[in-house]
Amino acid sequence: MTGSEPEYLIVGTVQKPHGIKGELFVRLETDRPDAAFAPGRVLHLGDGKGRRSDAVLTIERARAFKGGMLMKVAEHTGRTPALEELRGRTLLIERGQAAALDEHEVFYHDLLGMRIVTAAEGDIGVITDVYDAPSGPLLSVKREGGKELLIPFVRETIRRLDAAERVLELEVPPGLLEL
């Protein structure tokens, strides 16, 4: 682990309490919810930037619900003011507890700060954010002069990803860089 890698990973964000029995509706921030929200798992609470607090939640049960997850935790037995205060809090797991990445996978946060290059244009800019769009992830790339460029992050365009050199080489569709 390098100094820039976070110790904790965000797996969800509490949207709101659900019902009267102390359940929470959670927006998923992981593509492996069954592992991240397994019964007995202890999640750390974090702020909007994913910084961990000392508070934890222990999952009793979780199930898919309307594009997210309904989660019942041991620490809350009903809809109380304390449960309401969880709105907007992030749910974190230790980096070492995350499921191993497959060969062609990368954590989005590992892309931040990487340089984007192409064979035709050379250095394009630096990745500043990754957005989840309905059509797939988009890389926000800061170009020289501060202009932002959004580039689709799809396997077919990736030529090389070098984590050590912090370089992502892409083959972008014609005309995209002129936008």
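The values are calculated or read from the model by the stated rules, or taken from the named source; none is laboratory data. Just so it is clear, the model here is predicted, and its values are computed rather than measured. Note: ideal-geometry Cβ built from the backbone for every residue, glycine included; neighbour counts use all protein chains shown.
Quick one: count up the residues across the stretch 8-22 that are charged (D, E, K, R) and either outside the structural domain of LYS49 (by TED's automatic domain parsing) or at pLDDT 95 or above (or both).
So the answer is 1.
Please find, among THR80, THR90, the residue that is among the hydroxyl-bearing types (Ser, Thr, Tyr), within 30 Å of ILE59 (Cα to Cα), assigned by TED's automatic domain parsing to the domain that holds ALA38 and within 15 Å of the chain's Cα centre (by Cα).
The conditions single out THR90.
Count, please, the residues in the stretch 71-130 that happen to be among the aliphatic types (A, V, I, L, M) and touching a residue at least 40 places away in the same chain (Cβ under 8 Å). Show your work before the answer.
Keep residues of the stretch 71-130 that are among the aliphatic types (A, V, I, L, M), which gives 71, 73-74, 82-83, 86, 91-93, 98-101, 106, 111-112, 114, 116-117, 119-120, 124, 126-127, 130.
If we keep only those that are touching a residue at least 40 places away in the same chain (Cβ under 8 Å) too, we end up with 71, 73, 83, 86, 91-93, 98-99, 106, 111, 114, 116-117, 119, 124, 127.
Final tally of qualifying residues: 17.
For the stretch 1-52, which strands (runs of 3 or more DSSP E) that fit wholly inside it have 3 or more residues that are closer than 16 Å to MET69 by Cβ and of a type outside the set (A, V, I, L, M)?
Numbers: elements: 8-18, 23-28, 42-46.
The strands (runs of 3 or more DSSP E) meeting that bar are 8-18, 23-28.
If I ask for residues that are exposed (fewer than 12 other Cβ atoms within 10 Å of the Cβ) and either of a type in the set (Val, Ile, Thr) or more than 14 Å from the chain's Cα centre (by Cα) (or both), which ones from the stretch 13-37 would you list?
ILE20, LYS21, ASP34, listed by residue number.
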